[in-house]
Amino acid sequence: MKNLSSNEIRHLFLDYFKSKDHKIVKSSSIIPETDPTLLFVNAGMVPFKNVFLGLEQKPYKRAASCQKVFRVSGKHNDLDNVGYTPRHHTFFEMLGNFSFGDYFKKEAIQYAWEFLTEYLEIPQERLYVTVFEEDTQAYEIWTKTIGVPENRIKKMGVEDNFWSMGNTGPCGPSSEIYYDRGEKFGNPELGSPQDNRYLEIWNLVFMQYNKDENGHLHPLPKPNIDTGMGLERIASVLQQVDSNYDTDLFKPLIQFGETISQKKYGKNQRDDIAMRVIADHLRALTFLIGDGVLPSNEGRGYVLRRILRRALRYGKELGIEEPFLYKGVDVVVEIMKQPYPELINNRNFIKNVVKAEEERFIKTLKRGMELLKEIIKKAKREGRKHITGEEIFMLYDTYGFPVDLIEDIARDEGFGLDIAQYYKLLEQQREKARASWKSQSKQIKPIYLELKSILPKNEFVGYTHLETEDSTILAIIKQNQQVEQLTQGEEGEIILDITPFYAEKGGQVGDTGFIEGDDFLFQVEDTQSPVDEIIVHRGKVIYGTVRKNATVKAQVDKEKRRSTMRHHTATHLLHAALRNVLGDHVKQAGSLVSPEYLRFDFTHFENLSEQELKKIEKLVNEEIMKNEPVVCKELPYDEALRSGAVAIFEEKYGDIVRVISAGISTELCGGTHVTRTGDIGFFKILTESAISAGTRRIEAVAGKKAVEIAQNEHSILKELSKMLITKEKDLPQKVQNILKQLKEKEKELDKIKKKSIIDRITQILNIKEKDGYKIAYGVIDNLQPNELRDLADVARAKLGKAVVMIATVDKEKGKVNFIVATSKELTDKIKSADIVKQIALQLGGKGGGRPDMAQGGGTKIEKIKEAFKTFEKIT
């Protein structure tokens, strides 16, 4: 048996199937391109799902790939099991070969057997096979053609050896190949729950039926093959180790865990589990972020956040208190950079995202700890000895507080947990998320897949031409159906054989313009490419009748396209300038390129200063003034990355990519661009803002639009100069002087207002008599924190022995700030800090302070009455 590295196994597998006339397909992103039912690619066949469903055709009948896969749920991938077993993973790689109506069972079985026994040199006597109990054809191929003894073949039922894509659709029997790890793992029955001896290494699925809504099976006219072999598993076999975590894919990550924790792997089970969790989750984090997933509270981003926080929690069990995961990203990149070279360019970006999220969670955890202490105090006051399911869920869901840590702290206090209610609330949340989640993947309408399978590839000539004279209408679509014609006033879609219209992609909007025939005019309002190789022109008939097969003139709106081109090349220069000024952690996180303006989202973890914005704008304009040629080359993807070209991490690239070089910028891009940087004319930044944690947005204009805005701004300055009777250059000082004078007047008014409030404070507040003391509460608008304190002092002094609560409304933020003041002689039994914390805990917000005076804030305006009720009840 060969001892091969994981890189060697990948290469050998793909080279083998290339020699068998398979198209080698680059791994798709973990984010599904066309399947709205999935959050992540969870199997090697997902990129080919539409082919198996008969909705799409590929230019090849055989394919092989090494696909990135991510799973956090399911039969073999429950997240809670990761780290506890030798083979559970969130991220893994699936080696697979596929046939789309070409070869079938015999060839699939022969290929698998030949590769395992002759190319990997695994002894035949160590291999066992399972087949579906009714699949006599596969059984005979294994016994008669391959020669596997019957005592090494086991027939299994539907649950184990019959695969379905869903409740309906393609399905069929499967055959699995197992490796015998030897007698040291006992003598269990093959495939039993107790079986640790026989390791499943390859699954061959024979898709030969179509299941209808009644569960009946109908033979497919062209059966398909879908196979999958986990790289991590076959590596453990060839490297002769008992666990996937001992292979070269994980070993350096385990060593990272040892170094960072100063503990030795293999010494105790608890530490080993923690190191395995960290190793697995580091791989997942690196690839998820590399494919464009960012931490958030929903969808894919929530899964990423959950994985990261789980890894941090296990780091804490190893005694690691500081952010550390971001350092492990380097280890993942070093292991995986050969098959996934894009990780090299994305390294710093991934590290920055991970570090920022680690720091955020550590702060959140600290806040959660404070709240847990308050919850325990409240429970003691209420005379209960348990933490409710609602409280556990709030700590977990809002603060990511680990339930086992809540359990440990509660146990130390002699408290129990209502864990059943917690799980009920957790499941309710999951159901709600499943019901409301809308996939970020685009759903392709069947009409487009159908047309792709019957129409020739549409030729785009718009890089060099803005009009064509003799294009042919290949198809007309109206209301998702093919039609023969469109008449005046009707809306629809036209597909041409040759088009100069750019279809929306990579942030650049689709072209507009006209398609003209001998007796009709069709206005193109948008251009899209719902599937590869099909370009759809959407619009309406201005006059005449549009007919299929007509020869037409297609003309792009030249002015709009040229403005879009200026903005697109300007976007590339802006991206490069941002990286030059802020650092290479800057990555594009989204963009919009239109005729009117450009919008550029990028990763950065703080707002940009005026000085930085000026520097960026100046650098872009300097590149424009150099008037250098914009060069376009087509290169193999890997070669383009080696040349230093920047890849946009959420984009999907083919084997051959288009590289655009413009001054200081070199990027992979399929968009349209100016011929020279000087064609942009002039560049001006309009706004810079935050759109989410770690992501900023710049809006800017170029060319004529930039000139128009600059002229308008200058006109405004001239008008202001006249109004304020000062020179334009002196306007800032003039305005500053006016604002200073206004501030002084406001202070005078505030003094008068404050004196009036102080004089009437006991009339403004609601005052109630209690047993030997008074309570008072009320709302006074527009008070600063120091004014709240002063008024509370005055009210307390005027009322004598009293507890006072004064709230003030911040209408801009829609929040309420408040203060509670207690007379010192009452603080033994009534503490201001406890009141404030309880109000914050019940109604949201935060707060704290001394027994005699404490402040809170962040409570919603609509909850103020409830806050007063709580105050009255407590006091």
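The values are calculated or read from the model by the stated rules, or taken from the named source; none is laboratory data. Quick caveat, the model's predicted, so the values are computed rather than measured. Here the Cβ is made from the backbone with ideal geometry for all residues, glycine too, and neighbour counts use every protein chain on show. Please note that ligands, DNA and RNA were not included when accessible areas were found on the heavy atoms of the full protein model with its side chains. Shrake-Rupley method; radii C 1.70, N 1.55, O 1.52, S 1.80 Å.
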| request: Kindly identify the stretch 516-592 as rounded, prolate or oblate by the Cα gyration tensor criterion: order the square roots of the eigenvalues as a ≥ b ≥ c, call it rounded if a/c is under 1.5, otherwise compare a/b with b/c, prolate if a/b is larger, else oblate. | output: prolate
| query | Which of the lysines could be linked to residue 753 by a straight reach, that is with a Cα gap under 17 Å, when you skip same-chain ones fewer than 8 residues away? | reply | 743, 745
| said: List the pairs from 355/704; 626/722; 20/68 whose alpha-carbon separation is above 30 Å, in the order I gave them. | reply: 355/704; 626/722
| remark: A student applying the Cα gyration tensor rule (rounded when a/c is under 1.5; otherwise prolate if a/b is larger than b/c, oblate if not) would label the chain oblate
| query | In the chain, which whole DSSP H runs stretch at least 18 Å along their own axis (Cα) and average 0.0 or higher on the Kyte-Doolittle scale? | reply | 269-290
| said: For a protection proxy built on the mean count of beta-carbon atoms within 10 angstrom, sort 27-33, 238-244 highest first, please. | reply: 27-33, 238-244
| query | Just the accessible area for residue 310, please: 1.4 Å probe, Å², rounded to the nearest 10? | reply | 20 Å²
| field | Shape parameters for the stretch 403-532, alpha-carbon atoms, Rg then Dmax in Å | value | 26.6, 88
| field | Dimensionless Rg/Rh of the stretch 766-856 - Kirkwood Rh, Rg from C-alpha atoms | value | 0.95
| task | Using packing as a proxy for protection, rank 735-746, 578-589 so that the peptide with the highest average count of other Cβ atoms within 10 Å comes first. | result | 578-589, 735-746
| field | Whichever aspartates and glutamates have a C-alpha closer than 19 Å to that of residue 144, once near sequence neighbours (fewer than 8 apart) are set aside | value | 107, 114, 118, 125, 133, 134, 135, 176
| task | Determine the share of the chain's accessible area contributed by carbon and sulfur atoms, expressed in whole percent, with a 1.4 angstrom probe. | result | 47 percent
| Any idea of the accessible area per residue across the stretch 229-295, 1.4 Å probe, to the nearest Å²? | 33 Å²
| message | If each residue of separation counts as 0.36 nm, what is the full-extension length gain between residue 618 and residue 298 once their alpha-carbon separation is subtracted? | response | 111.4 nm
| note | If amide H atoms are modeled at 1.01 Å from N in the peptide plane, then the residues at a separation of 5 or more from residue 243, or on another chain, having amide H under 5 Å from its own are none
| query | Ranked by accessible surface with a 1.4 Å probe, highest first, in what order do 382, 467 come? | reply | 382, 467
| Gyration tensor verdict on the stretch 234-380 (Cα atoms; rounded if a/c is under 1.5, prolate if a/b is larger than b/c, oblate otherwise) | oblate
| remark: For 415-423, 488-496, ranked highest to lowest by mean beta-carbon neighbours within 10 Å, the order is 488-496, 415-423
| field | Alpha-carbon centroid distance for the pair the stretch 713-740 / the stretch 97-161, whole angstrom | value | 84 Å
| field | Heavy-atom accessible area per residue - the stretch 79-197, 1.4 Å, Å² | value | 44 Å²
| Between the stretch 820-853 and the stretch 336-384, the Cα center-to-center distance that results, in Å | 29 Å
